[in-house]
1. Would you pick out the residues in region 43-55 that are of a type outside the set (D, E, K, R) and either surrounded by 17 or more Cβ atoms within 10 Å (Cβ to Cβ) or outside any helix (DSSP H, G or I) (or both)?
2. Which one is farthest from the chain's Cα centre (by Cα), of the residues in region 24-42 that are in contact (Cβ under 8 Å) with a residue 12 or more places away in the chain and assigned to a helix (DSSP H, G or I)?
3. Every residue in region 1-42 that is surrounded by fewer than 16 Cβ atoms within 10 Å (Cβ to Cβ) and among the small types (Gly, Ala, Ser), please.
4. Of everything in region 1-23, what is of a type outside the set (A, V, I, L, M, F, W, C) and part of a helix (DSSP H, G or I)? Give them in sequence order.
Amino acid sequence: MLTDQDIDRVIEMAWEDRTPFEAIEAQFGLTEDEVVEVMRKNLKLSSWKNWRIRVNGRKTKFSTLRSDEVDRFKCTRQRCISNNKVSKR
C-alpha cells in the first residue's frame with residue numbers, strides 16, 4: 001500500500017521525461033500498468049490525458065528504447081535519495 005507521500009513521488013517520477021518506468025518499479029514495485037492506474041486515479045482527467053499523450057511519444061520512459069547516451073538523469077536540485085527518502089540538510 002502506497003502512502004500519500006509515495007503516490008506524490010510516483011506521480012512526480014512519472015511526469016519526468018527521463019525517469020524510466022523501470023526506475024519507478026525498482027523503487028516502488030509498480031509495473032507500468034500500475035503506474036498508469038495511479039496516474040489515472042490521482043490526476044484530473046485532462047491532466048491524465050496530457051500525460052498519456054506525452055508518455056506515448058517518449059523513448060526515454062523505457063530503458064530498452066533509450067540510446068546509450070542517456071545513462072541517468074539527476075536534477076541539479078535533487079539531493080541524495082536512498083530508498084526514496086530524501087536526505088535532510
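Bear in mind these aren't lab numbers, they're just calculated from the coordinates by the rules spelled out. This is a predicted model, so every value here is computed, not measured. So basically every Cβ, Gly included, is an ideal-geometry build from the backbone, and we count neighbours across all protein chains shown.
1. Leu43, Trp51, Val55, listed by residue number.
2. So, considering only residues that are in contact (Cβ under 8 Å) with a residue 12 or more places away in the chain and assigned to a helix (DSSP H, G or I), the one farthest from the chain's Cα centre (by Cα) is Asn42.
3. Ala26, Gly29
4. Matches in region 1-23: Asp4, Gln5, Asp6, Asp8, Arg9, Glu12, Glu22.
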